[in-house]
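What follows is a short report on a single structure.
Just so it is clear, none of the values below were taken in a lab; they were calculated from the coordinates. Predicted, not measured: the structure shown is a model, and the values here were computed from it. Quick reminder, even Gly has a Cβ in these numbers, built from the backbone with ideal geometry, and neighbours come from all protein chains shown.
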Amino acid sequence: MLRHLLPALLSALLSAMMAAPAPLRAQEAVMPVQHIPLPGSGPDGTPPLPMAGRTTVWAQRAGLALTWEAVPLKRSLQELARNERPFCVLGLFDTPERRRFARFSLPIHQEEQQVFIAARRAEATLRSIGSAREAVLSAPLSLLVYDGVAYGGPLDDWIAQRRPPPVRASAGASRLSTMLARGHADFSIGVASELRDLQRQGVADAGDLVSVLLPGMPPPPRRHLACSLKVPPAWLQRFDAQVRASPPP
């Protein structure tokens, strides 16, 4: 009986050993994580985002430590591409282009349904357009996008096809409500809760904006930790194991 059980036990033990993440040196367990600059960050630099709180919990459960760095997104992407040190960036979309220079965690956040955030003066024109794709490609309306931001596969493809090109601004440095309400562009891409928060906080010009959802808007994308190729695979394996054990809502 034991002779028949032994191969199965050995096979199970070998599988468990292969599945277990490789050990990390003490310095490898501490990981800098960059995020776009946001007001209201915690004393340790943790940004005021639910996915940041969940990321901290997953890391702690995995025996990992995070240090937070507020960095404009464009600079984070440039540093990822240079691959000079181990670090991660919070909340990036997983795209084929970025997979050339980054490793991605399991999804840490399910994004809300994206909508168009528009200046009220452009609302009627925008609503008269038959589809989301036509709106992004519409030459009469000027579209605002942020440097380095990926909006998700189909939207990024439409933006690349747009003529004239979109108006570009720096993420975290240019206020959406000001850019749209003061005529720098007619509409942008975001989520309805973003606009509600701006209006609830009484942000200047936010009352002059509306959200518009048109047919054909792509389903909401998921966000990840994007890590430089110098991050040990074992670090991400440990982190992903905790995400898998307690998935995001």
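On a 0 to 90 degree scale, rounded to 10, what angle separates helix 73-82 from the longest Cα axis of the chain?
The helix 73-82 is inclined about 40 degrees to the chain.
Compute from the Cα atoms of the stretch 114-212 the Rg and the Dmax, the latter being the longest Cα-Cα distance, and quote both in angstrom.
That works out to 12.5, 35 Å for Rg and Dmax.
State the antiparallel share, in %, of DSSP beta bridges confined to the chain, rounding to the nearest 5.
60 percent
Could you work out how far helix 2-19 tilts from the main Cα principal axis of the chain, as a 0 to 90 degree angle to the nearest 10?
40 degrees
Relative contact order for the stretch 149-249 using alpha-carbon pairs under 8 Å, separation at least 6, rounded to a whole percent?
This gives 23 percent for the stretch 149-249.
Could you grab the relative contact order for the chain? Cα pairs under 8 Å, six or more apart, rounded to a whole percent.
31 percent
With both bridge residues required to lie in the stretch 114-212, what share of the DSSP beta bridges run antiparallel, to the nearest 5%?
Beta bridges within the stretch 114-212, antiparallel portion: roughly 65 percent.
Loop only per DSSP, at most 10 neighbouring Cβ atoms within 10 Å: give me the trypsin sites (Lys or Arg not before Pro) in the stretch 24-79, ordered by residue number.
Of the trypsin sites (Lys or Arg not before Pro), the ones in loops of the stretch 24-79 whose Cβ has at most 10 other Cβ atoms within 10 Å are ARG25.
Can you bin the chain into rounded, prolate or oblate? Criterion: square roots of the alpha carbon gyration tensor eigenvalues sorted a ≥ b ≥ c, rounded for a/c under 1.5, prolate for a/b above b/c, oblate for the rest.
Taking the square roots of the gyration eigenvalues as a ≥ b ≥ c, the chain is prolate.
By how many degrees, between 0 and 90 and to the nearest 10, does the Cα long axis of helix 50-61 differ from the longest principal axis of the chain?
Approximately 10 degrees, to the nearest 10.
Considering the chain as a Gaussian network with a 10 Å cut-off on Cα pairs, which listed residue, GLY53, GLY42, GLY91, attains the greatest mean-square fluctuation?
Comparing GLY53, GLY42, GLY91 in the GNM, the peak value goes to GLY42.
Excluding GLY53 itself, calculate the net charge of residues whose Cβ lies under 15 Å from the Cβ of GLY53, where each Lys or Arg counts +1 and each Asp or Glu counts -1.
Net local charge, GLY53 excluded: +2.
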